[in-house]
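What follows is calculated from the coordinates using simple rules that are stated; it is not laboratory data. What you see is a predicted model; the values in this text were computed from it and never measured. All Cβ positions, even for glycine, are placed from backbone atoms using ideal geometry, and neighbour counts span all protein chains on display.
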Amino acid sequence: MWEQTFSSRCLASALGLCLAIGGSPALGAEHTFDGDYSGKRVLTKGSGSSDCPAKDDVSVTIRGEVLSFTNSDLRNFGIGFVPHQDGSFHVIYTGAGDAAVNIVGHITGDVMEADVTNPPCEYHWHLTKG
């Protein structure tokens with residue numbers, strides 16, 4: 001009976017360790033994506049206007065667990081950033097009133113591709129590290 005209980009606890013501990021390692025998005029990817037990225041954002045939803053420019057320069061700086069971006073509307077706007085090992089990420093900022101930014105993207109090598117929603121506009125970012 002004791003052996004069966006001990007064996008079950010060992011198995012549960014081993015599974016817990018596997019889940020902890022496999023479930024941690026940034027494990028082993030710590031600061032891998034740090035750097036400065038720049039490029040364009042292109043409007044994918046919304047009407048081209050002063051509120052939603054059709055095309056605009058955008059720059060992103062990643063330092064540790066913070067992604068800061070700058071475009072024609074926002075300067076050094078920081079959001080928490082915890083990417084997965086494969087470079088995929090999803091960050092959300094919800095502020096006072098109706099202020100919100102939702103970024104879903106992926107970094108492969110020196111290239112960041114992201115879809116960004118900042119109501120009433122939606123954009124696609126194509127940025128390169130450099």
Over the alpha-carbon set of the stretch 35-129, divide Rg by the Kirkwood Rh and report the Rg/Rh ratio to two decimals.
0.94
Simple spin-label model, 7 Å along Cα-to-Cβ: Ala54 to Asp73 in nm?
1.8
Here the gain from full extension of Ser88 to Glu65, 0.36 nm per residue of separation minus their alpha-carbon distance, amounts to 6.9 nm
Phi-derived 3J(HN,Hα) across the stretch 69-81 with the Karplus relation (6.51, -1.76, 1.60, θ = phi - 60°), rounded Hz, x for Gly and Pro, is 10, 9, 9, 5, 9, 10, 10, 6, 7, x, 9, x, 9
Do any trypsin sites (Lys or Arg not before Pro) in the stretch 47-109 lie in a DSSP loop with no more than 16 other beta carbon atoms within 10 Å, and if so, which?
Arg75
Less than 16 Å apart at the alpha-carbon level, and either on another chain or at least 8 residues along: which lysines does that give for Lys55?
Lys40, Lys45
Here, Lys40 and Glu122, labelled 7 Å along Cα→Cβ, have an inter-label distance in nm of 2.0
